[in-house]
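Working notes for the structure below.
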Amino acid sequence: MASAFPAERTVILTGAASPRGIGRAAAHYLAEVGWNIGIIDLDGDAAARTAAEVAEQHGVQAAGAGANIADREQAVAAVDALEAQLPQVVALVNFAGIASPTPYLEVTPEEWDRVQSVNLDGVHWVTQRVLRTLVDNGVGRVVGISSVSAQRGGGTFSKTPYSASKAGVIGLMRSIAREVGPFGVTANCVSPGPIDTDIMGGTLTEERKTKMAADGVLPRIGTPRDIAAAVAYLISEDAGFVTGQTLNVDGGLYMH
Ligand code: NAD
C-alpha cells in the first residue's frame with residue numbers, strides 16, 4: 001500500500017563528492033528544492049565537506065559517509081549511518097560510477113570486475129539496502145544513472161565493460177520497478193549523453209567538447225545541471241505515475 005510523500009524527506013546520493021561531478025551539482029539542485037541530502041562516496045572526507053557546504057548554502061540537513069559501494073558491507077553501513085542522522089529516506093540516486101576506456105579485446109578479468117563491481121554490483125548493493133526502507137515506509141523513488149553508451153553500442157570515451165554495466169543498470173531499474181511498484185516505490189533511469197565533468201580522463205578541452213556535440217542534434221554537450229533537473233523530476237512527488245522508464249538527457253544523440 002502506498003503512503004503519503006513526507007514534507008521532511010531525504011535523498012541519498014552516491015558519488016556526489018567530486019568537485020565538478022554530476023552528483024555534487026545534483027546535491028545543490030535537490031537541496032534548493034527542499035530535499036535533505038545524504039552523500040555516499042569513496043572519498044569520505046569530500047563527502048562530509050560537500051554535505052556541510054550544501055547544508056550551509058541551502059539550509060537543509062545533510063551528512064556524508066565514506067564507502068566503496070563495491071563492498072556490500074561498506075555500502076550497507078553507509079546507508080545505515082546516513083539514515084540514523086537524517087529525516088526519512090524517500091529517494092536514492094546512484095551517481096557513483098567509473099569509466100573504462102580499454103578496447104574490448106584488451107580487457108583483463110581484473111578490468112572487467114573492477115567496472116562491474118562499482119557500476120552494477122555497487123548500484124545493486126546500495127539500492128537493495130535503501131529499498132528495504134522505502135518498501136517498509138510505502139513510499140520512495142530510486143534512480144539509476146545509465147549512459148548513452150549503453151543504448152548506442154559504445155561510441156563514447158568508455159568502452160564495452162562500461163556499456164555493459166550501464167545497460168545492466170537499465171535492466172536492474174526496470175525489474176525493480178515491477179517488484180516494488182505495489183509498495184508505492186518507483187524506479188527509473190536517467191541516461192546522460194556526454195556531460196562536462198572530469199570522468200572522461202580529465203577536464204574536457206573545447207575541441208573535445210565540440211567533437212562530442214557534433215553527433216547530437218543540439219549544438220553543445222550537457223552540463224551537470226541538465227542531469228540534476230531530470231533527476232529532480234523523477235524523484236518528485238509528482239512523478240509518482242512514472243516507473244520503469246529511461247529518460248535520455250543527451251542532446252538528441254539517441255532518440256527512442
Ligand atoms: P565523476 O567521476 O565526477 O563522479 C563519480 C563519483 O563517483 C566520484 O565522486 C567518485 O569518488 C565516486 N565513486 C567512484 N567509485 C566509487 C565507489 N567504488 N564507491 C563510492 N563512490 C565511488 O563522474 P560524473 O561524470 O559526475 O559521473 C556520474 C555518473 O554519471 C557516473 O555513473 C557516470 O558513469 C555517469 N555518466 C556520466 C557521463 C558524463 O559524460 N560525465 C555520461 C553518462 C553517464
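Structure notes:
- With contributions of -39500 (n - 2.57) from each DSSP H run of at least four residues, the per-residue ellipticity at 222 nm computed over the chain stands at -13000 deg cm²/dmol.
- All other residues whose Cβ lies under 15 angstrom from that of Ile37 are scored, Lys and Arg at +1 and Asp and Glu at -1, for a net of -2.
- Candidates per chymotrypsin sites (Phe, Trp or Tyr not before Pro) in segment 160-248, loop by DSSP, up to 12 other Cβ within 10 Å: Phe241
- Under the Debye formula (equal points on every Cα, no solvent term), log10 I(q)/I(0) of the chain at q = 0.07, 0.09, 0.10, 0.11 Å⁻¹: -0.21, -0.35, -0.44, -0.53
- Counted as membrane-span-like here are DSSP H helices of the chain whose alpha-carbon atoms extend 27 Å or more along the helix's own axis and whose Kyte-Doolittle mean is -1.0 or above; these are 160-180.
- Comparing Gly122, Gly202, Gly181 in a Gaussian network model of the chain where C-alpha atoms under 10 Å apart are linked, the largest mean-square fluctuation is found at Gly202.
- Counted residue by residue at 0.36 nm each, then reduced by the alpha carbon distance between them, the extension gain from Ala84 to Thr210 reaches 40.8 nm.
- Fully extended contour minus Cα-Cα distance, from Arg72 to Phe241, at 0.36 nm per residue: 57.8 nm
- Relative contact order of segment 144-256: 32 percent, from C-alpha pairs under 8 Å at least 6 residues apart in sequence.
- Backbone N under 15 Å from the Glu111 label point (7 Å along Cα→Cβ), restricted to segment 147-167: 155-165
Every number here is computed from the coordinates shown, using simple stated rules; none is lab data. If you're wondering where the values come from, they're calculated on a predicted model, not measured in any experiment. Cβ coordinates were reconstructed from backbone atoms using ideal geometry, including for glycine residues, and neighbour counts include every protein chain displayed.
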